[in-house]
1. Shape verdict for chain B, please, from the Cα gyration tensor: rounded (a/c under 1.5), prolate (a/b greater than b/c) or oblate.
2. Residues of region B:183-225 losing 40 Å² or more of accessible surface, assembly versus chain alone, probe 1.4 Å, please list them.
3. Given a 1.4 angstrom probe, I'd like the percentage of the accessible area of chain B that is carbon and sulfur, rounded to a whole number.
4. Could you bin all the Cα-Cα distances of region A:110-211 into 5 Å bins starting at 0 and give me the percent of pairs in each, rounded to whole numbers?
5. With a Förster radius of 22 Å, plug the Cβ-Cβ distance of A:ALA130 and A:ARG192 into 1/(1 + (r/R0)^6) and report the FRET value to the nearest 0.05.
6. Between the helical axis of A:97-106 and the dominant principal axis of chain A, each derived from Cα atoms, what acute angle in degrees is found, rounded to the nearest 10?
7. Jot down the radius of gyration and Dmax of region A:150-195, Cα atoms only, both in angstrom.
8. Give the cross-link partners of A:LYS239 among the aspartates and glutamates, using a straight C-alpha distance below 20 Å as the criterion and excluding same-chain residues fewer than 8 apart.
Amino acid sequence: MSEPILTLSDVTVAFDALKAVDGVSLTVPRGQRRAIIGPNGAGKTTLFNAIAGAHPPTSGKIRFNGHDVSRLPPHRRAQLGISRTFQITNLFPTLSVQDNMMLALRGLKPKKFSLFGSPDPDDNEAVRIAAALNAARIAGRAEIIVKEMSYGEQRQLEIAIALVTTPTMLLLDEPAAGLSPSERSMIAEVIRSLDPAITVILIEHDMDLALGLVDYVTCMFEGRVLVEEPPEGIRRNAKVREVYLGKPRHA
Amino acid sequence: MTQPVSKNSILAGMTGRALVIAGLVVIVAACLPMVLSSYQVGLATEVLIFGVLAMSIDILAGFAGRTSLGHGAIFGVSTYVVVYATGQAGLSLWTGFALGVLAATAVASVFALLAVRTSGVYFLLLTLALGMIVWGVCLRWTQVTGGENGMRADVRPAILMSHSAFYWAVLTGAVIVSFAMWRFVRSPFGLTLRGIRDSESRMRSLGYNVPLHLFIGFTVSGIFAGVAGGLYAMFNNFVSPSTVALAQSVEGVLMMIAGGVGTLFGAFVGAAAIIVLENIVSSYTERWLMVLGITFVLIMIFAPEGIIGKLRAITSRKAR
Ligand SMILES: Nc1ncnc2c1ncn2[C@@H]1O[C@H](COP(=O)(O)OP(=O)(O)OP(=O)(O)O)[C@@H](O)[C@H]1O
Ligand SMILES: [Mg+2]
């Protein structure tokens, strides 16, 4: 057995008195597809922020790929191979898709410090950008300015940006939120065809979408882990039904 | 469609049309001394120098989304050092100029260290305060700076004594540093500044050390402000605390805004507009600062995208 890629031990993130994440321990094996589900305000996004470093944990430890990353700033965690998308679209709206991809690609490369170099991508970069745009199903949109894209395309670009860095672990925060049913199934297809070597953690409200894509499910509620089990069992789990549908009323 | 001239030349990505326009503008600018009076050539020289200053401010404001009110001080430090080095210290112009730019760069890097973790109005206020400190030092350190009276030196060498000769020298310098700034904002590093302007949190999650990039951007912008300050020392042969004063920074920012934030070369148009206006106004009234304020308000209301921005918007509307 190889060491799990991600281990959280007793991670807490507090906003003043509110513990948005409250003592979460979690283990994700290498290459797993994991869903994190839970009602609004359960602490899912805050947990991602703790893992990716945007909001480091108040207490507890996070180990990623053999490193203790608990206190590292986000750019150092990105350098170790953690890549993420945002629940609220977070792109470079005034730049072209191409420039968005270039920024994503060069985040871990010394070329980002080229002060007077040519703006054009080299051949290797061009190939990788094309591959990521292709994987996210937005090939051929490279020249367009991001703020002129449809919302659905922007969600696809979110994924393309997270992918082009060839991450070890990909955190997807509600990648299909706000999309039409056909766009949602397209996003599902994108996720399904990701390289199996990448560990993927997916936050998703929609159980139908999430359960079809993953090996294992963690359900959060009020900052804590409520249930962890494979997707087959989760729908029938009484606790999960309770937090999703409210307490069953006695007839 | 216009095609890029060449993929690998140093002009990479410049379209044929842009190259022709840039060439024509430089030729017209080079011909100005033949039609203008020597007084007007002096004004044109000033436009070039302040255009470079405004451009250096635009690197941060237009591309990194951070408006500095400290660049007048960075500019003025270079002016001080060049005047002091060539006058009191008796060094050659070249050495003095190099020291001036170096001093401006050093001051810019100190400003940068303190300011890179801020943005918005905090960045504005912090750079303003740092500029005020420089002004205070120049005012009080009388033995070196001459205090309120300032310092005089014959900075300009004999061959550049005539108005036109000096104008051409400054034009050459302005063309070179403008080209350098253009390359800089379009470089892979320049792209990271635009990324920071659009989304800092995304940049961090992609592996960028945002403060480091802002530090480098600020320092490089300071180099260019220092070049402008050195040219100003040659133009004026004199320096006093008003050169590092807040009004200098504000004027630079207004020129940049008047030309168009993020247009880079618009800085020269903005500098021309403000300097011409200043000269017209000053023959009627002493209240230049008030007129400047009113002009600024009018620009913000009627052309917040600046003169070049406005022209671009109009031409692209016609093209549709
Ligand atoms: N920066 C913050 N400051 C204060 N409170 C916050 C902050 N971020 C999140 N919270 C609070 O923490 C709790 C968990 O929020 P979080 O965004 O992690 O939930 P979530 O599970 O992602 O919900 P959703 O499904 O709506 O996205 C909420 O009560 C929220 O109001
Ligand atoms: Mg969320």
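The values are calculated or read from the model by the stated rules, or taken from the named source; none is laboratory data. The shown structure was predicted, so the numbers you read here are calculated from the model rather than taken from an experiment. Neighbour counts are summed over all protein chains in view; Cβ atoms, including those assigned to glycine, are modelled from backbone coordinates with ideal geometry. Just the protein is used for accessible areas: all its heavy atoms, side chains included, with ligands, DNA and RNA removed. Shrake-Rupley method; radii C 1.70, N 1.55, O 1.52, S 1.80 Å.
1. Rounded, because the longest to shortest axis ratio a/c is under 1.5.
2. B:ARG183, B:ARG186, B:PRO188, B:PHE189, B:LEU191, B:ASP198, B:ARG202, B:ARG204, B:SER205, B:LEU206, B:GLY207, B:TYR208
3. So the carbon and sulfur contribution to the accessible surface is 69 percent.
4. Distribution as computed: 2, 11, 22, 22, 18, 13, 7, 4, 1, 0 percent.
5. That gives a FRET efficiency of 0.60.
6. The helix A:97-106 is inclined about 80 degrees to chain A.
7. When restricted to Cα atoms, region A:150-195 yields Rg and Dmax of 10.3, 29 Å.
8. Counting by Cα, and skipping residues close in sequence, A:LYS239 has these aspartates and glutamates nearby: A:ASP22, A:GLU204, A:ASP206, A:ASP208, A:ASP215, A:GLU222, A:GLU228, A:GLU229.
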